[in-house]
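Readers should treat all values here as calculations from the given coordinates under stated rules, not as data from a laboratory. Computed from a prediction, not measured in an experiment: that's the story for all the values here. Glycine also receives a Cβ, built like all others from the backbone with ideal geometry; neighbour counts cover every protein chain displayed.
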Amino acid sequence: MKTVLAGLILLMGTGGSFAQLEFADELVKVNFSVEQNEKEAFVVAEVSIAKHWHINASKLPKGSFGIPTTYKLLPSKNFKIQGGVIEPKPIEKYDEMAGENLAYHEGKFKMKQKIAVLSTEDFELSGSFHFQTCNEVKCLPDHTYDFKVKVKGVSVEQVSTTAAEATDTTTDSSITTAVDSTKAAVDSGEKIESGNAGEGRVSDKYSYWMIFGLSFISGLLALLTPCVFPMIPMTVSYFTKTSKTKAQGIRNAAIYGLSIIGIYVILGGVVMATGSASKLNEMSTNPWFNIAFFVLLIVFAVSFMGAFEIRLPSSWINKADEKADKGGFIGIFFMALVLALVSFSCTGPIVGTLLVEAASEGGIAPMIGMFGFGLALALPFTLFAAFPGWLNSMPKSGGWLNTVKVVLGFLELALAFKFLSNADLAWQTHWLEREVFIAIWIAVFGVLAMYLFGKITLPHDSKVEHLSVGRTLLGVLTLTFVIYMIPGMWGAPLKLISAFPPPMHYSESPLGVGRAGGGAVEHGPEGTHLGPQNIYVFHDLDKAEAYAKQVGKPLFIDFTGHNCVNCRKMEQSVWGEPGIIEILKDKVVIASLYVDERTELPKEEQVEVVYPNGRKVILKTVGDKWTAKQVIDYKVTSQPYYRMKNLDGTHLEIGSASYETHSDPKAFKKWLNEGVKLFEQSKK
C-alpha cells in the first residue's frame, strides 16, 4: 500500500524535489586499474561523467571557486611516486555569472599517476580520488572514491636499479600538475581521450530521468482530459480517410506525432535559452516566488474544477488553423499546433507546473520535461493510425473525462500549499505550522474521496448513477491516504510524505500533544531550540562551540535550510534511526545553521566578505552569514551539509556528510561513529 500511496504523491511533484536528487557517485563513475611494464607502472583512474556535468581539473585558475580534483596514493615502502598526476588539458572558460575562470573535464578521460615499484612481492596499493561535480547552474557536495589495486612485484635487480634511479621524493600525490593532453599521451604511452561529453559517458543524471518520467506520466494524464481525449479518434479518422494508402496515413500520423513532440520541445528550449532556468533556480528559495507559485497553482486548481477555463487568444488559434488547411508537412505541423493551442485550457496548468519545476532544476531539464510530455501526447495518435481497429476498444467520451480533470485540480490544490509553507518557513511567521498543513491536506484529500464516491458534484459533472471499478479503487486509495495522515496531527512522523509538510519542530506541539502544555514542556541548555527528532540544537555557532567545550563533546555542524527538501528527508528518515538518534542527542552538540534564515543581522554584523572567487558580498541576514560561512570555509553551497569539529576548533578527519553521500542510515551511522571515536582518541 505504501508503494501505491508513494506513486500518488509522486504524480504531484514537489517544489525542489527535482532540484536536489543528484548523486555524485551516479553522475561520476571511476574505475581504477594498474598498467605495468616491468618495474614501471601507472595507476589509472578512468573517469566517466554524465552529460551536462563536469568535474574540476586538478589545478584551478587563481581565485577559482571550485574544489580541485585530487588523486592521492597512500605512501608505502613498496613504491615511489614519480612526478605529478597526468591528466588531459582541461576545458578553460570564463563564467560571467559567477565571475571566475573555470578549468574542468567532461565526458570520459583518464588520470594517471606514475610509480616506481620497489617490492619483489605482489602488493596492494591504496588511494583516493576526490572531486566536486558541477553543471552550469550549481555544484554538488564534494565526493571521494577510496580504492585499492594490486601491483605485481619485480625482480631484485630491478628493485635495486629503481631505488638508485628514483629522484622524486614526493609521497603525496595531492600535488598534481595539469599537463597538455599530447604530453600525457607520450608519458603514459597511450592516447588520451578528449573531454567530449558525448563520448563514452555514463547515463544521464538520475533527476533527468525523474523529470522525463513525471512529465511522461503528466502527458498521459493530459490525454484523459476533455480537451484532448475526443481529439484522438477525430484526428486519426482524418488521416486514415484523407490518405490514399494505409502507409501514407501512418506516415502522416507519425509526422503529426513528431510535430507535437517538436512543439513542446521548442517550448522547453525557449525557457532554457532565455535563462529562465537559472533564474528560477535562484528564486526557488525566495518566499515571494513561492507565494506567486502558490497563487498560480490555486488558479490552475480552480480552473480544473470548472470555475473557468484558461484560454489562449482566439486569433492565435485562427491563424494556426488557416495554415493547417494548406496540407503537406507544413499543414500537418500546424494541425499539431492547433491541437496544442485548443487543448491549452487542460494542458496549460500541467505544462506550466512542469516547466517551473524543470526550470528550477536547470540545464536541459525543461527540454527533457517537454519531450516526455509531448511524447505521451503524440503516441496515441501514431499508434491508432497504424492500428485503426484499436479505436473500437477505446472508451467513449463522457463525464469520466471531467472527473479526471477535477482530480488533477485537487492535486494542484494540495501541492499549492507546499509553496505557501515554503514562504512561511522562510519568514518564520508560524502561520502554516505542521498541524495546520496536515489538516489542510486531510481536508483536501477527504473532499476528493467524497467526490470520487459521488457524494459531491462540481460544475460540468454528469450525474453519478453508479461507480466504476477504477473510480471506486481510486476513492479507496485516497481515503486510505487520508486515514494515514490523521495520526500526523498528534506527532506521527508520516515518513511517506516527509518532504511535504513542515518539519516536526515547526509545529504547535513539537514535543507531541501529550507533552505540550501544563508546564510539561522540556527545556534544553540555554540558547538551544527544539530541532528535528525533538533534539535540542543551537542556531548560533559561537554559543554551540562554547557549550561543546563546556561539556566536552564534539561539535556537529549542520548547514540546513527551512525550504530544503532533502534536509527534511534526512532528518525524518535518517536522524531518528536506532544508533543514530542516541549519538545526536547524547554524544554531540548540534549547531543547525539555516542558510535561508531571513532574520536581519545587527548593524555591526552587516559586513562585507570576500568569497574564494573574489566576489564581494554584504551580509544582511542570518542566512547570508551562514551561507558565507559554508562557501568560504568549505566551498560548498548545497544542503544538508554536515561537519564535525574537535574542542580546539579543528575538523575531525572524517570528511563531510550530505544527503547525496549519507542518506543511507548505515553510512550516516558509520560516519558519526567514526567521528565520535576520533574525538575520544584526541582527548587521550
Task: Relative packing of 66-75, 647-656, 247-256, which averages over residues the other C-beta atoms within 10 Å, highest first - done: 66-75, 247-256, 647-656
Open item on the list: Neighbour counts of other C-beta atoms within 10 Å: give me W288, W53, W209 arranged from fewest to most.
Closed with: W288, W209, W53
TODO: With a Förster radius of 41 Å, plug the Cβ-Cβ distance of E605 and N31 into 1/(1 + (r/R0)^6) and report the FRET value to the nearest 0.05.
DONE: 0.25
Task: Taking T478, T120 and counting other C-beta atoms within 10 Å, the order from fewest to most - done: T120, T478
- [ ] Neighbouring Cβ atoms within 10 Å as the yardstick, rank V595, V407 fewest first.
- [x] V407, V595
Open item on the list: Please compare each pair in K495/K645; K72/K114; K553/K670 to a cut-off of 20 Å on the Cα-Cα distance and tell me which ones are over it.
Closed with: K495/K645
- [ ] Give K77/K669; K29/K89; K59/K666; K110/K152 a once-over and call out the pairs whose C-alpha atoms are over 29 Å from each other.
- [x] K77/K669; K59/K666
- [ ] Quick one: net charge around Y506, please, counting Lys, Arg +1 and Asp, Glu -1 for every other residue with C-beta under 12 Å from its C-beta.
- [x] -3
Task: Within-10-Å neighbourhood charge of F123 [Cβ basis; K, R +1; D, E -1] - done: 0
TODO: Compute the relative contact order of segment 523-683 as a whole-number percentage, counting only Cα pairs closer than 8 Å that sit 6 or more residues apart in sequence.
DONE: 25
Task: Inter-label distance for W427 and T472, nm, one decimal - labels placed 7 Å from Cα along Cα-to-Cβ - done: 4.7
Task: Overall Cα dimensions of segment 523-683, principal axis frame, Å, largest first - done: 42, 33, 33
- [ ] May I ask you to derive the FRET efficiency for I266 and D122 from their Cβ-Cβ distance with R0 = 51 Å, giving the value to the nearest 0.05?
- [x] 0.30
Open item on the list: Sorting check: for 524-533, 456-465, which peptide has the highest mean count of neighbouring beta carbons within 10 Å, and how do the rest follow?
Closed with: 524-533, 456-465
Task: T120 long-range amide H proximity, modeled H, under 5 Å - done: V154
Task: Rounded FRET efficiency, nearest 0.05, which uses the C-beta distance separating S462 from K495 and R0 of 41 Å - done: 0.60
Task: Translational diffusion coefficient (Stokes-Einstein; Kirkwood radius from C-alpha pairs) of segment 618-657 at 4 °C, 1.567 mPa s, in µm²/s - done: 115
